[in-house]
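Worksheet: one structure, shown below.
The values are calculated or read from the model by the stated rules, or taken from the named source; none is laboratory data. Since this is a predicted model, take the numbers as computed values, not measurements. Here the Cβ is made from the backbone with ideal geometry for all residues, glycine too, and neighbour counts use every protein chain on show. Areas reflect the complete protein model, heavy atoms only, side chains present, ligands, DNA and RNA absent. Shrake-Rupley method; radii C 1.70, N 1.55, O 1.52, S 1.80 Å.
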Amino acid sequence: MIVSPYTWTMISRRWAVGAAVALLVGCGPAQVSPPTSTLSPGASPSPTPTPSPSPSPTATPVPDDQLPLEFPVADSLLDSAAAVVEELHRAAAGLPVLKVDVTAQQATLTALLPDESVRSYAWRDGLITHVDSDIQYLGQATFDPADYPISSVPRMFAVADLRGVRGELVLQVVEYREGQVLMTVTSRPETSTVFFRKDGTAVTTLGYTSVADITAGLVEVVGDGTALYGIGFNPTRGYWADLTDDDPGVVLSRSRVGGVPVFETRRSETPAVATFSPDLLQPAALAQAIARYQATPDQSCDVTVDMSHGRFAPVARFDCGGTVHFTDMAGRDMTDLLAAG
């Protein structure tokens with residue numbers, strides 16, 4: 001598994017040492033005690049939805065009697081996508097945007113008007129026109145296209161092609177769920193979807209056994225959190241974390257499933273378990289324990305770390321095919337100890 005530069009910039013240097021030790025896991029049965037390694041708090045703030053801007057009551061998009069507008073480009077649309085989208089936004093009077101689509105032949109932008117109706121403009125063959133839209137405003141998040149790397153469309157299309165997206169490729173910037181605006185490349189007809197971050201890097205699909213993947217997954221769901229109620233991962237649920245929130249009596253939950261960016265929700269709850277610092281997490285120790293407890297190399301394990309056992313430090317629980325084991329944060333087996341207690 002190759003971890004993207006984006007992910008590794010979020011990993012502390014001490015984690016790199018732990019990763020090197022954990023590579024010995026696949027080399028034989030010898031048990032190696034992983035060094036102390038910590039997860040740096042604040043390493044990877046997860047995307048938090050921001051309030052949508054309100055349309056200016058004085059903004060006036062270009063009316064139909066002034067269309068079409070000529071806007072020729074010297075290169076292909078893909079190479080000129082940023083300039084074209086900027087011009088579409090200018091035609092829409094710079095109003096908050098609900099959606100941007102870019103294909104090899106056409107770019108479309110849908111803006112939110114002050115009366116909460118929508119208006120869409122499209123560029124094709126050097127002309128900007130008003131087009132009908134089936135989008136309705138139902139309170140979804142808006143955004144400014146300038147905040148997204150539209151100029152990287154050719155590279156993002158190339159990445160999507162390498163990942164098996166087939167058909168007419170289309171870049172979309174739109175609310176994906178509950179206030180979170182995401183950038184994707186998909187196809188018409190739809191085959192698969194690749195998600196991209198706001199820096200233009202693709203979101204990778206993480207595994208659940210290697211040090212690199214476990215490190216990246218935990219970093220992303222911890223984000224800027226400093227106190228955890230629990231954290232874990234498995235192939236069904238992905239990576240997840242329950243953290244304290246600024247508001248008392250609220251739990252902040254983050255999840256990272258498959259190739260989709262981190263998503264967060266909040267719920268009213270006061271957990272009975274104590275919190276612990278993400279600095280105590282050791283991905284190398286978790287990876288070693290998984291390799292030790294798997295019946296076969298492809299067996300999946302459900303891993304949970306929390307303070308539910310009432311000890312002075314968190315305990316990791318490994319459920320591999322229905323067989324449960326426990327370790328401390330250094331990876332030392334505690335199964336018999338906890339069973340006896």
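Quick notes
- Residue in the range 60-83 that is touching a Ser or Thr at 6+ places or on another chain (Cβ under 7 Å), closer than 20 Å to residue 144 by Cβ and among the β-branched types (Val, Ile, Thr) present: no
- Flag for residue 249 being under 25 Å from residue 177 (Cβ atoms), in contact (Cβ under 8 Å) with a residue 12 or more places away in the chain and open to solvent by 10 Å² or more (accessible area, probe 1.4 Å): yes
- Odd one out for residue 239, checked against (1) open to solvent by 20 Å² or more (accessible area, probe 1.4 Å); (2) within 23 Å of residue 332 (Cα to Cα): (1)
- Matching residues, the range 210-227, being in contact with a strand residue (DSSP E or B) (Cβ under 8 Å, 6 or more places away or on another chain) and touching a residue at least 60 places away in the same chain (Cβ under 8 Å): 214, 218, 220, 221, 222, 223, 225, 226
- Here the strands (runs of 3 or more DSSP E) wholly within the range 269-341 that include at least 1 residues being in contact with a strand residue (DSSP E or B) (Cβ under 6 Å, 6 or more places away or on another chain), closer than 22 Å to residue 216 by Cα and among the basic types (Lys, Arg) are 315-320.
- Just so you know, in the range 106-125 the residues that are hydroxyl-bearing (Ser, Thr, Tyr) and open to solvent by 10 Å² or more (accessible area, probe 1.4 Å) include one that is modelled with the lowest pLDDT, and it is 117.
- All positions within the range 126-147 that are open to solvent by 30 Å² or more (accessible area, probe 1.4 Å) and either touching a residue at least 24 places away in the same chain (Cβ under 8 Å) or closer than 18 Å to residue 91 by Cα (or both): 127, 129, 130, 131, 132, 133, 135, 137, 140, 144, 146, 147
- Residues in the range 77-106 that are within 24 Å of residue 138 (Cα to Cα) and assigned to a strand (DSSP E or B): 6 in all.
- For the range 290-316, a residue qualifies if it is surrounded by 13 or more Cβ atoms within 10 Å (Cβ to Cβ) and among the hydroxyl-bearing types (Ser, Thr, Tyr), and the qualifying residues are 293, 300, 304, 308.
- Any chance residue 319 is under 21 Å from residue 228 (Cα atoms) and either of a type in the set (Ser, Thr, Tyr) or open to solvent by 50 Å² or more (accessible area, probe 1.4 Å) (or both): no
- Inside the range 154-189, residues that are open to solvent by 20 Å² or more (accessible area, probe 1.4 Å) and among the β-branched types (Val, Ile, Thr) make up a count of 3.
- Yes/no for residue 23 being modelled with pLDDT under 95, farther than 30 Å from residue 140 by Cα and open to solvent by 70 Å² or more (accessible area, probe 1.4 Å): yes
- The range 211-251, residues that are closer than 30 Å to residue 160 by Cα and in a loop (DSSP other than H, G, I, E, B): 223, 224, 235, 236, 237
- Conditions (1) in contact with an Asp or Glu (Cβ under 9 Å, 6 or more places away or on another chain); (2) outside any strand (DSSP E or B): number failed by residue 254: (2)
- Residues in the range 223-272 that are touching a Lys or Arg at 6+ places or on another chain (Cβ under 6 Å), of a type in the set (Val, Ile, Thr) and under 23 Å from residue 205 (Cα atoms): 262 only.
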